[in-house]
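A short write-up of the structure that comes next.
The values are calculated or read from the model by the stated rules, or taken from the named source; none is laboratory data. Quantities reported herein were computed from a predicted structural model and do not represent experimental measurements. Cβ sites come from the backbone with ideal geometry, for glycine too, and all protein chains shown count toward neighbours.
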Amino acid sequence: MAAADMANGTKSFRIPVTYSDMFFGEWNLEKATHFMDTTHLNNTILILIVYYLMVYFGPRIMEIRKAFDLRRVLGAWNMLIALYSGISLYVLWPYWIKSYNKGGIIGTMCHTDDMYSNPVSGYWGWLFAMSKGCELMDTVFLILRKRPVRALHWYHHSMSFFLVQVFWTEFIPWVRPGVIINLAVHTVMYFHYGLRAWGVRIPKWISKMVILSEIAQFIVGLTFILVFVDGYLKDGLKDCNLKVDKLGLASVIGVSYLYLFLQYFKEAYGKKIPATRKHDDSGNMKMRKEQ
């Protein structure tokens with residue numbers, strides 16, 4: 001197995017870099033970059049291909065099969081994601097506050113500082129990227145339980161997974177506020193779905209607030225981008241790590257998320273729909289006509 005020794009004097013690392021090296025080895029930014037640009041890039045493409053095939057063929061395969069009763073497993077899975085999100089929020093919050101106190105909103109979105117190189121924020125930021133792959137399991141649960149896989153669901157999950165991998169390899173600083181907001185929302189959301197999977201009756205207004213928190217996440221994220229762009233146009237921000245193409249991509253995807261979630265909210269809670277709305281514990285809407 002080969003080893004790489006970077007010219008800037010950092011510690012050497014084995015090639016190829018494995019997932020085990022990343023999860024359990026000492027944090028090394030060059031090692032992480034090599035891993036994301038080689039091993040994980042290939043796997044990301046493969047994962048997305050398999051995911052889309054699963055979304056298309058999975059429900060068709062399950063049509064002739066009995067749905068699996070996975071409520072206990074699903075509840076535990078949701079709680080695990082909620083726990084991870086809460087711990088990550090706790091770990092990364094001080095680093096975001098430090099960056100904000102130093103440079104305000106523009107500073108947090110312009111300068112990476114030690115965001116990626118710091119052993120703590122770098123590692124937990126990388127874990128965030130990996131967690132988006134784990135969240136694709138939500139779709140597996142839907143298929144095995146014969147729940148509908150809405151376009152909103154698979155589009156949101158797959159695009160979030162793809163974007164986070166791309167943005168990480170570009171060392172983009174302006175993802176920082178979005179990561180913090182997403183972790184906060186997912187801590188509450190997955191805890192909520194975990195309780196529902198275990199049969200805990202949740203008041204409708206709480207489920208409604210969970211969906212609204214997702215919508216608020218996109219509104220706040222797009223607002224951050226607008227503030228960022230306004231500062232860039234006014235002051236130039238010449239020393240800013242902007243990545244215009246990636247910012248444009250994030251904006252387009254963010255707007256599409258907002259639109260789809262607003263449509264979902266309207267369908268689920270709109271007064272004009274003559275049906276009883278229910279939500280399963282994976283966040284998908286179910287509808288049944290009144291008898």
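Details
- The number of residues in the stretch 167-188 being assigned to a helix (DSSP H, G or I) and touching a Lys or Arg at 6+ places or on another chain (Cβ under 7 Å) comes to 1.
- Cβ-Cβ distances below 6 Å connect no pair with a first residue in the stretch 237-249 that is touching a residue at least 40 places away in the same chain (Cβ under 8 Å), a second residue that is of a type in the set (A, V, I, L, M) and part of a helix (DSSP H, G or I), and a separation of six or more residues or different chains.
- Candidate set: the stretch 88-111, residues that are crowded, with 18+ Cβ neighbours inside 10 Å and among the hydroxyl-bearing types (S, T, Y); chosen: the one nearest to K243 (Cα to Cα): T108
- Every residue from the stretch 164-198 that is of a type in the set (G, A, S) and modelled with pLDDT of 95 or more: A184, G194, A197
- Selection within the stretch 63-78: residues that are hydrophobic (A, V, I, L, M, F, W, C), assigned to a helix (DSSP H, G or I) and out of contact with any helix residue (DSSP H, G or I) (no Cβ under 6 Å at 6 or more places or on another chain). The member of this set that is surrounded by the most Cβ atoms within 10 Å (Cβ to Cβ) is W77.
- Residue in the stretch 172-187 that is over 17 Å from Y84 (Cα atoms) and of a type in the set (A, V, I, L, M) present: yes
- Residues of the stretch 98-129 classified as in contact (Cβ under 8 Å) with a residue 24 or more places away in the chain and either under 30 Å from R60 (Cβ atoms) or outside any loop (DSSP other than H, G, I, E, B) (or both), total: 17
- Filter pass, W96 being of a type in the set (F, W, Y), in contact with a Leu (Cβ under 6 Å, 6 or more places away or on another chain) and closer than 30 Å to Y232 by Cα: no
- Of V179, V227, V220, all but one fail to be aliphatic (A, V, I, L, M) and free of Cβ contacts under 8 Å to residues at least 60 places away in the same chain; the exception is V220.
- Here F265 clears all of (1) surrounded by 13 or more Cβ atoms within 10 Å (Cβ to Cβ); (2) at pLDDT 90 or above; (3) of a type outside the set (D, E, K, R); (4) farther than 24 Å from G194 by Cβ except the condition numbered (4).
- For R288: the one exception among (1) in contact with a strand residue (DSSP E or B) (Cβ under 7 Å, 6 or more places away or on another chain); (2) at pLDDT 70 or above: (2)
- Inter-residue pairs, beta-carbon under 6 Å, first closer than 14 Å to G122 by Cα and in the stretch 14-40, second assigned to a helix (DSSP H, G or I) and not hydrophobic (A, V, I, L, M, F, W, C), 6+ apart: W27/P119; W27/G122; W27/Y123; M36/T169
- Test result for G178, among the small types (G, A, S), on the phi < 0 side of the Ramachandran plot and under 16 Å from the mean Cα position of the chain (by Cα): yes
- Pair list, Cβ < 6 Å and 6+ apart or interchain, from the stretch 165-176 residues that are in contact (Cβ under 8 Å) with a residue 12 or more places away in the chain and closer than 12 Å to T108 by Cβ to residues that are crowded, with 21+ Cβ neighbours inside 10 Å and among the polar types (S, T, N, Q): R176/T108
- Apart from one condition, N241 fits all of (1) in contact with a Cys (Cβ under 7 Å, 6 or more places away or on another chain); (2) part of a helix (DSSP H, G or I); (3) of a type outside the set (A, V, I, L, M); the exception is (2).
- Of all the criteria given as (1) at pLDDT 95 or above; (2) exposed (fewer than 11 other Cβ atoms within 10 Å of the Cβ); (3) under 17 Å from G133 (Cβ atoms), the one not satisfied by S20 is (1).
- Residue check, F141 more than 24 Å from V255 (Cβ to Cβ), of a type in the set (F, W, Y), touching a Leu at 6+ places or on another chain (Cβ under 7 Å) and at pLDDT 95 or above: yes
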